[in-house]
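Structure first, commentary second.
The values are calculated or read from the model by the stated rules, or taken from the named source; none is laboratory data. These numbers were taken from a predicted model, which means no experiment stands behind them. When we count neighbours, we look across all protein chains shown, and the Cβ atoms used for this are built from the backbone with ideal geometry, even at glycine. These area figures cover heavy atoms from the full protein model, side chains too; ligands, DNA and RNA do not enter into them. Shrake-Rupley method; radii C 1.70, N 1.55, O 1.52, S 1.80 Å.
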Amino acid sequence: MNTTPGTPEPRETGYTVLGGGARPASSSRISVVVLNRGGRLYRARQLQDLERAGFAEVVSVEETGEGLHELEALASRYPSTRFAVVPPGLSPGERAGIGFRESRMPWVLLLWNDQRLSAGALSSRFAERLEERSWLCATPWFRGPDGEVLPSASAPAREGSGLRVLSLEPREDGEKVLFPLDYTGVYSRERFLASGGFDASYSSPWWQLVEFGFRCWLRGETLGSAQALRVDYVEAPPSYDSSPGCDYRRFHLRCLAPAYRGDSAHLPWSRFPRFALRGGVGPAEAFSEFKAARAWVASNAFRFRTDARALVDLWEPLS
């Protein structure tokens, strides 16, 4: 993977791969990566459905301690599914990154084990449109267990001198979204890996997602809503904690505070006094965080294509 210093790097995490010796006869260019949470009630049914759907491959990311014998039995039962067994405690973004690195196709559908892809959602025409649009990620339209459409079209909005993230119901095919809800979507594997993926330094899934989406948009990538891609939750979707903390401070300094001038971005020292006053930490820690963020922005300066102020101003007006 080509990287620029300062781009999020995956932590060196050892993992084991089981199964996947047989490859299905498929013309699909889409891999499926399944992340697992909660119980395993729906796992076998989902793997069966995905293998029958004709995807090029399925990669299920599992945590150690979840029953090696059970995984070996599943690997025997589903020969075209690979099981990546990772250490416990990794963030969803880190587990997703391992799944992307294990995938072999140019497009990757990222799902959870408590989600179901609607029948016929990924036709050959859908894959062709992905190629035409050159998006980094196509995000689904979601429905809850009772069939209601969920607000999945995230958008940035100015709130005083800060940022507010809006969660709206999708309105039309192709509309911009700030980040993929619940990590779910069809990604360009190449663009995802080149972006650095989900930053492992974020412990909060909410801020990991917001930072990923914002960073991608600031660097000229596009994430859009795909009406043909429908995903249903078997159980109530999770709610992520959006409380500010150290993750928000890092996001603020790396994504919101930089200024873009000419062909590059920088983090002006003039932004430090306000950050020190409102950061909620002592002066020494605030200085250390600001200095580290300046170095990070400087190492990525020429990857920026805009800054937060211009990005929010140019976002499609809400009606």
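Quick check on my filter: what residues within region 217-235 are under 16 Å from residue 300 (Cα atoms) and either crowded, with 23+ Cβ neighbours inside 10 Å or in contact with a strand residue (DSSP E or B) (Cβ under 6 Å, 6 or more places away or on another chain) (or both)?
Initial filter on region 217-235 (under 16 Å from residue 300 (Cα atoms)): 217-221.
Those that are under 16 Å from residue 300 (Cα atoms) and either crowded, with 23+ Cβ neighbours inside 10 Å or in contact with a strand residue (DSSP E or B) (Cβ under 6 Å, 6 or more places away or on another chain) (or both): 217, 218.
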Can you name every residue in region 172-229 that is within 28 Å of residue 246 (Cβ to Cβ) and among the β-branched types (Val, Ile, Thr)? 177, 184, 210
What are the residues in region 210-226 that are under 13 Å from residue 154 (Cβ atoms) and in contact (Cβ under 8 Å) with a residue 60 or more places away in the chain, if any? 212, 214, 216, 217, 223, 224, 225
The conditions are (1) on the phi > 0 side of the Ramachandran plot; (2) without any contact (Cβ under 8 Å) to a residue 40 or more places away in the chain; (3) of a type outside the set (D, E, K, R), and residue 196 fails exactly one of them. Which is it? (2)
Quick one: which residue in 168, 136 is open to solvent by less than 10 Å² (accessible area, probe 1.4 Å) and closer than 19 Å to residue 231 by Cβ? 136
Leading residue by the ranking (nearest to the chain's Cα centre (by Cα)) among those in region 193-205 that are of a type outside the set (A, V, I, L, M, F, W, C) and open to solvent by 30 Å² or more (accessible area, probe 1.4 Å): 205
Out of (1) open to solvent by less than 10 Å² (accessible area, probe 1.4 Å); (2) touching a strand residue (DSSP E or B) at 6+ places or on another chain (Cβ under 6 Å), what's the single condition that is false for residue 208? (2)
Since residue 135 meets every condition but one in (1) touching a residue at least 24 places away in the same chain (Cβ under 8 Å); (2) farther than 18 Å from residue 188 by Cα; (3) out of contact with any Phe, Trp or Tyr (no Cβ under 8 Å at 6 or more places or on another chain), which condition does it not meet? (2)
